[in-house]
1. For residues that are exposed (fewer than 15 other Cβ atoms within 10 Å of the Cβ) and basic (Lys, Arg), scanning just the range 23-61, find the one that is nearest to the chain's Cα centre (by Cα).
2. If a residue must be basic (Lys, Arg), under 21 Å from the mean Cα position of the chain (by Cα) and assigned to a helix (DSSP H, G or I), how many such residues does the range 227-279 contain?
3. Restricting attention to the range 85-115, report how many residues are under 14 Å from the mean Cα position of the chain (by Cα) and part of a loop (DSSP other than H, G, I, E, B).
4. Just one of ASP133, ASP142, ASP201 is acidic (Asp, Glu) and farther than 27 Å from GLY28 by Cβ; which is it?
5. Given (1) assigned to a helix (DSSP H, G or I); (2) within 28 Å of SER174 (Cα to Cα); (3) in contact (Cβ under 8 Å) with a residue 12 or more places away in the chain, where does ALA222 come up short, assuming only one miss?
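Please treat every number below as a calculation from the coordinates, not as lab data. Just so you know, these numbers come straight off a predicted model, no measurement behind them. Note that we place each Cβ from the backbone using ideal geometry, even for glycine, and neighbour counts take in every protein chain shown.
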Amino acid sequence: MPTIPHADLEYLLCCPSCRSSLDKRPDGYCCSVCKKEFPLVRGLARFVEPGNYAGSFGYQWKEFSTTQLQPSASEWDFRNKTGLLEEDLRGKLVLDVGCGMGRFAEVATRWGARVIGIDLSTAAEVAADNLADRAFLALQADVFALPFAPGSFDCIYSIGVLHHTPDCEKAFKSLPQYLKPGGTIAVWLYSGYNKWYRFSDQYRKITRHLSAKKLHAFFRVAVPFLYWLDRGLRAIPLVGRVLAGFVNHIFPVNLSEDSELRVLDTLDWYSPLYQSKHTYEEVFRWFEACGLEQLTVGNISIGVKGRKPANIPKQVGKDSTWERPHEIASRTPVTPPKAVPTLSLP
C-alpha cells in the first residue's frame with residue numbers, strides 16, 4: 001500500500017491556534033493569518049512544542065518500537081475494545097488519536113483504511129517508521145488543539161490514550177467535531193470498576209515523577225524478580241495461589257509469558273504523568289453531551305462507540321441504545337483466544 005503524502009492532506013489541515021488555512025513551505029507549514037510556523041522535522045509535521053507531559057511515551061515506544069507489533073493480538077484487542085470491524089474501516093479516512101508506535105494503525109491500514117495518526121510524543125516518529133509502506137501519515141499534535149478542519153474524518157478511534165491527558169472528558173469532547181456527518185467514534189479507557197490498582201496508585205505518586213529511563217532500568221530487574229517469585233509461590237501446594245495473588249495485589253506488575261511485554265506494560269502503567277479511570281455512566285454522558293447516537297460498548301471495559309448523526313441532530317439520547325451500566329459492570333471479562341487468525345485484505 002502506498003503511503004499518504006502530505007500534499008494529499010493539505011485540504012484537511014488548518015492552524016490549531018486560530019483555525020485558519022496553512023501555507024505549505026519546504027520546511028513545514030505556516031498559518032496564513034497568525035503566521036505561526038509548524039516545522040517538518042525528520043519528515044514529520046510538528047504541531048506541538050518539544051517537551052511535554054507525554055515524554056515518557058516517546059522514550060517508551062523508541063525502546064519497545066516493535067514489541068507490540070503482533071497482528072493477531074492487536075487485531076483481537078482492536079475489535080474487542082472498540083467494536084469496530086473491517087467493513088467499518090475499509091476505504092475510510094481514519095484518525096488514530098494517540099497512535100504510539102502504530103500498533104492499531106497497523107490493523108486499520110491492513111483492513112483497507114487510510115489512517116492519520118497523531119501523538120503528542122515523539123512516538124509518532126516510530127509509527128511512521130513501522131508503517132512506512134502503509135497508507136499512513138503520522139503527525140505530532142495535541143488532542144486539545146488538532147490541526148484539522150471540522151468534518152474531516154469518517155472514523156476516529158483512541159485506544160488507551162485519553163486517560164493519560166490532564167482532562168480525559170475534555171479530550172474526548174474535542175474529537176466529534178472532526179467527524180463527518182454519519183461518522184463513527186470509538187474510545188477505550190481504563191476501567192474504574194475494578195479496584196485492583198489501589199496499591200499501584202500509591203506507588204505512582206512517586207514513579208510518575210521519575211524519568212522513564214530510570215524506571216525502565218528498575219523494572220528490568222524488579223519485574224523478572226516478581227515474575228519468578230509468582231511462579232515459585234504458585235508451585236506451593238494448597239496456599240501457593242493465594243500467596244501469589246496477595247503479592248501481585250501488593251506489587252502489581254505484568255506477569256505475561258513474554259519477557260519484553262512484561263517490562264513494557266509495567267513501564268506503561270507506572271511512568272505516565274496522568275492516568276485516570278472511568279465508568280460507563282460518565283462516558284455515556286460524554287457521548288450524549290456531544291449529540292452522538294447509536295451507542296454500543298466493546299467487550300472489554302471501558303470501550304464505547306457512537307455515531308455522529310447523518311442529518312439534523314436529534315434530541316440528545318433519544319435514539320441511543322446500550323446495555324445498562326450495572327449490566328456491563330458485572331459482565332465476565334472476555335478471555336482472548338489462544339490463537340487469532342490474521343485477516344488479510346481482499
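1. ARG42
2. The number of residues fulfilling the criteria is 1.
3. 5
4. Going through ASP133, ASP142, ASP201 in turn, the sole match is ASP201.
5. (2) is the only condition that ALA222 fails.
Quick grid of which residues meet (1) free of Cβ contacts under 8 Å to residues at least 40 places away in the same chain; (2) surrounded by fewer than 13 Cβ atoms within 10 Å (Cβ to Cβ); (3) closer than 24 Å to ASN80 by Cα:
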{"position": "ALA171", "(1), (2), (3)": "yes, no, yes"}
{"position": "GLY183", "(1), (2), (3)": "no, no, yes"}
{"position": "ASP230", "(1), (2), (3)": "yes, no, no"}
{"position": "GLU257", "(1), (2), (3)": "yes, yes, yes"}
